[in-house]
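Asker: Okay, handing you the structure first.
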Amino acid sequence: MRRVSIFGATGSIGQNTIDLIARAPQDYEVIALTGASNIAQLAMDAKNLRARVAITAHDHLLGDLRDALAGTDVEAAAGVTAITEAAARSADWTMSAIVGAAGLAPGLTTLQQGGTLALANKESLVCAGKLMLETAKAHEARLLPVDSEHSAVFQALVGEDMAAVERVIITASGGAFRDWPLEDLGKATLDEASSHPNWDMGQRITIDSASMFNKAMELIETREYFGVRPDQIEVLIHPESMIHAMVGFADGALMAHVGPPDMRHAIGYALHWPERRKLPVERLDLAKIAQLSFRAPCDTRWPALRLARDVMETGGLAGAVFNAAKETALDGFIGGRIGFTDMAEVVEEVLTIVTSTPGHIDATMTLDNVAKVDHVARQEAARVILNRAG
Ligand code: NDP
Ligand code: MG
């Protein structure tokens, strides 16, 4: 039996992970499930999977969680520290699927126990890629990608020599506003930005797909995870979301990973790696699909891609600034304080301010320093947003 934990169990990735685990309960001993606001879901899954502990990130919801788990053997806990403590209860396989920078600390603690961390939380690599990889190495832990593009690249690289890799192409559907007239983007509403043409995901990543901040983060994630240079990474708009990534080799070959837009493939691959096992995903009928299309991304429509390239060039803790500014700008858009296109402007302004202030982005990459610069960037972003509203 494998001991597994799921961080962010109540979210979109968490629920897809549970779907796979619940199909073969005899194979897994569930250690910890974590969530935040969705206590009913957390308690129900913890009961069904006979988890040892269920944890909500919100201290004030501990009473509700205890009530929901009354009469079961599942321990209830709450708070950020409890989540990190759960990460220290060594599991063989842990899913990192908390949304945002809050996923970094539990992921790092998990890596310190050895074992395998299946990483959906791309923010960890954007904020602290070097620290994540070094920690994995120091503790002989394994970091497996779950983001569909990165899982696809990982699979295309099996048995290959990195020295023969010329380029990595990650695809993007183009999100909700791919075909909108540019002049309408500023007026895009929250509802419009929250619906994705192909993927069913959490609200935040769905909006990030419309703004292309998701792909911008994935550019940085690709560089950190695979150690390729920024100029070797390309983004390709591919509206059908069937090819998730391609790897280009020195002999001109392109290895493409093709599959339906269903995260259970990438999650299942990370769960069963290095084996391939049967997964409940649709088998593509390419004759029926008939055509796949591609186009180059437009920098005017999606300034986030340019910002990510600036961040990679700046290096140091610029990724943490980028992520924190993006999270705050996204909160601003969700809260109705700024418009859709303001998000990229806010992030750009914060990057300029924080990266030009000495001592921030050139500090050593430790969890503390990442947290500090994250805090500074959030404060700056809040100020920039307030100024705009005023
Ligand atoms: P969701 O919003 O659906 O779920 C987020 C999870 O994190 C929930 O369990 C939520 O709890 C929990 N959570 C929210 N805030 C906090 C916090 N401050 N501390 C601890 N836990 C918290 O997100 P997704 O599942 O869509 O995404 C999760 C991660 O995976 C993200 O990093 C995303 O970029 C990445 N990813 C997602 C993909 C997808 O298909 N969804 C694809 C590729 C990557 P609750 O719901 O109980 O409040
Ligand atoms: Mg992705």
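Asker: Quick one: count up the residues across segment 202-215 that are more than 18 Å from V235 (Cα to Cα) and either of a type in the set (D, E, K, R) or within 9 Å of ligand 2 (Cβ to nearest atom) (or both).
Answerer: Adding up the residues that qualify gives 1.
Asker: Against the condition touching a residue at least 60 places away in the same chain (Cβ under 8 Å) and exposed (fewer than 15 other Cβ atoms within 10 Å of the Cβ), how does L254 come out, does it pass?
Answerer: Values: touching a residue at least 60 places away in the same chain (Cβ under 8 Å): yes; exposed (fewer than 15 other Cβ atoms within 10 Å of the Cβ): yes.
Criteria met by L254.
Asker: Continuing with the same structure: Is it true that some residue in segment 139-151 is open to solvent by 10 Å² or more (accessible area, probe 1.4 Å), hydrophobic (A, V, I, L, M, F, W, C) and assigned to a helix (DSSP H, G or I)?
Answerer: No, there is no match, as no residue in segment 139-151 is open to solvent by 10 Å² or more (accessible area, probe 1.4 Å), hydrophobic (A, V, I, L, M, F, W, C) and assigned to a helix (DSSP H, G or I).
Asker: To continue, here is another question. Give segment 34-81 a look and list any residue that's within 12 Å of ligand 1 (Cβ to nearest atom), closer than 26 Å to R23 by Cβ and among the hydroxyl-bearing types (S, T, Y), or say none.
Answerer: T34, T56
Asker: Still on this model: Go through segment 140-196 and give me each residue that's away from ligand 2 (no atom under 13 Å from the Cβ), under 26 Å from L271 (Cα atoms), in contact with a strand residue (DSSP E or B) (Cβ under 7 Å, 6 or more places away or on another chain) and small (G, A, S).
Answerer: A141, A156
Asker: Continuing with the same structure: Can you tell me which residue among K137, K187 is free of Cβ contacts under 8 Å to residues at least 12 places away in the same chain and either within 16 Å of ligand 1 (Cβ to nearest atom) or not hydroxyl-bearing (S, T, Y) (or both)? Lay out the reasoning, then the answer.
Answerer: Values: K187 fails: free of Cβ contacts under 8 Å to residues at least 12 places away in the same chain.
Answer to the selection: K137.
Asker: Are any residues in segment 322-359 among the aliphatic types (A, V, I, L, M) and in contact with an Asp or Glu (Cβ under 8 Å, 6 or more places away or on another chain), and if so, which ones?
Answerer: Going through segment 322-359, the residues among the aliphatic types (A, V, I, L, M) turn out to be 324-325, 329-330, 334, 338, 343-344, 346-347, 350-351, 353-354.
Across segment 322-359, the qualifying residues are A324, A325, A329, L330, V350, L351, I353, V354.
Asker: Any idea which residue in segment 88-108 is farthest from ligand 2 (Cβ to nearest atom), counting only those that are open to solvent by 20 Å² or more (accessible area, probe 1.4 Å) and part of a helix (DSSP H, G or I)?
Answerer: Residue satisfying both the conditions and the ranking: A88.
Asker: In segment 346-387, how many are open to solvent by 90 Å² or more (accessible area, probe 1.4 Å) and either over 22 Å from L104 (Cα atoms) or more than 25 Å from the chain's Cα centre (by Cα) (or both)?
Answerer: Keep residues of segment 346-387 that are open to solvent by 90 Å² or more (accessible area, probe 1.4 Å), which gives 358, 362, 364, 368, 372, 375, 379, 383, 386-387.
Those left that are additionally either over 22 Å from L104 (Cα atoms) or more than 25 Å from the chain's Cα centre (by Cα) (or both): 358, 383, 386-387.
Residues flagged as open to solvent by 90 Å² or more (accessible area, probe 1.4 Å) and either over 22 Å from L104 (Cα atoms) or more than 25 Å from the chain's Cα centre (by Cα) (or both) within segment 346-387 amount to 4.
Asker: Are any residues in segment 20-75 under 18 Å from G103 (Cβ atoms) and open to solvent by 50 Å² or more (accessible area, probe 1.4 Å), and if so, which ones?
Answerer: S37, N38, H58
The values are calculated or read from the model by the stated rules, or taken from the named source; none is laboratory data. Because the structure is predicted, anything quoted here is derived from the model rather than measured. Positions of Cβ are backbone-derived with ideal geometry, glycine not excepted, and every protein chain shown enters the neighbour counts. Quick note on the areas: whole protein, heavy atoms, side chains included, nothing else; ligands and nucleic acids left out. Shrake-Rupley method; radii C 1.70, N 1.55, O 1.52, S 1.80 Å.
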